[in-house]
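Participant: Below: one structure in structure tokens.
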Amino acid sequence: MSLTDLLIQFTRIFLPSLSFKCTHDKIRPDVEQSYCPDCGKLIRNEWYITRCSCCGVKMKAMVKNGQIVPQEHYCSNCGGENFSVEKVDKINFIDINFAALKKVEVEEEVIGSTIRCWQERTIELPKLPVLSR
Ligand SMILES: [Zn+2]
Ligand SMILES: [Zn+2]
């Protein structure tokens, strides 16, 4: 079994499937972002881990109702119930055992303003010199 297969299985386990909304299942977890073939939206993969805020030990994270929460209610190290959420920039073999994957829809507005900016630039053509006798 390849790492990609493991990642896909991992995603299926930890992503709750909502019937009324596209869950972007076809987005591979090993890419930073890509377009969903089911709904056409640009989706970014974000990894999160949770830590006990008392002793700092990593707690296995999961996505619940769109929120990142630890799988256990209490820390196995100190029994604390408070936790903090940390975003992982680059997922690695150690963190993948603790991390939860969140698929975030990239805001259309950001893309729209970039296109508008390009258009403004192309419209500005150099003015031809006016010839006079
Ligand atoms: Zn989708
Ligand atoms: Zn703790």
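Participant: May I ask you to say which residue of Glu105, Glu81, Glu120, Glu72 is among the charged types (D, E, K, R), out of contact with any Ser or Thr (no Cβ under 7 Å at 6 or more places or on another chain), over 30 Å from Asp30 (Cβ atoms) and at pLDDT 90 or above?
Facilitator: Selected residue: Glu81, the only one of Glu105, Glu81, Glu120, Glu72 that is among the charged types (D, E, K, R), out of contact with any Ser or Thr (no Cβ under 7 Å at 6 or more places or on another chain), over 30 Å from Asp30 (Cβ atoms) and at pLDDT 90 or above.
Participant: Contact list please: Cβ distance under 8 Å, first residue in the stretch 47-69 and at positive phi, second residue of a type in the set (D, E, K, R), pairs at least six apart or on different chains.
Facilitator: Gly66/Lys102
Participant: Still on this structure: Applying the selection to the stretch 27-45, what residues are surrounded by 18 or more Cβ atoms within 10 Å (Cβ to Cβ) and part of a strand (DSSP E or B)?
Facilitator: The answer is Ile43, Asn45.
Participant: Right, here's the next one. Test Val69 against the stated conditions and say whether it is of a type in the set (Val, Ile, Thr) and within 16 Å of ligand 2 (Cβ to nearest atom).
Facilitator: Judged against the criteria, Val69 is a match.
Participant: Limited to the stretch 54-73, what total is found for residues that are surrounded by 13 or more Cβ atoms within 10 Å (Cβ to Cβ) and out of contact with any Cys (no Cβ under 9 Å at 6 or more places or on another chain)?
Facilitator: Number of matching residues: 9.
Participant: While we're on this one: So how many residues does the stretch 46-69 have that are in a loop (DSSP other than H, G, I, E, B) and either among the β-branched types (Val, Ile, Thr) or closer than 18 Å to Asp25 by Cα (or both)?
Facilitator: Looking only at that region, the number is 3.
Participant: Separate question: Which ones in the stretch 87-101 are of a type outside the set (A, V, I, L, M) and in a strand (DSSP E or B)?
Facilitator: Of everything in the stretch 87-101, just one residue is of a type outside the set (A, V, I, L, M) and in a strand (DSSP E or B), namely Lys87.
The values are calculated or read from the model by the stated rules, or taken from the named source; none is laboratory data. Please read these numbers as outputs of a predicted model, since none were measured by experiment. Because the Cβ atoms are built from the backbone with ideal geometry, glycine has one as well, and the counts that use them run over all protein chains shown.
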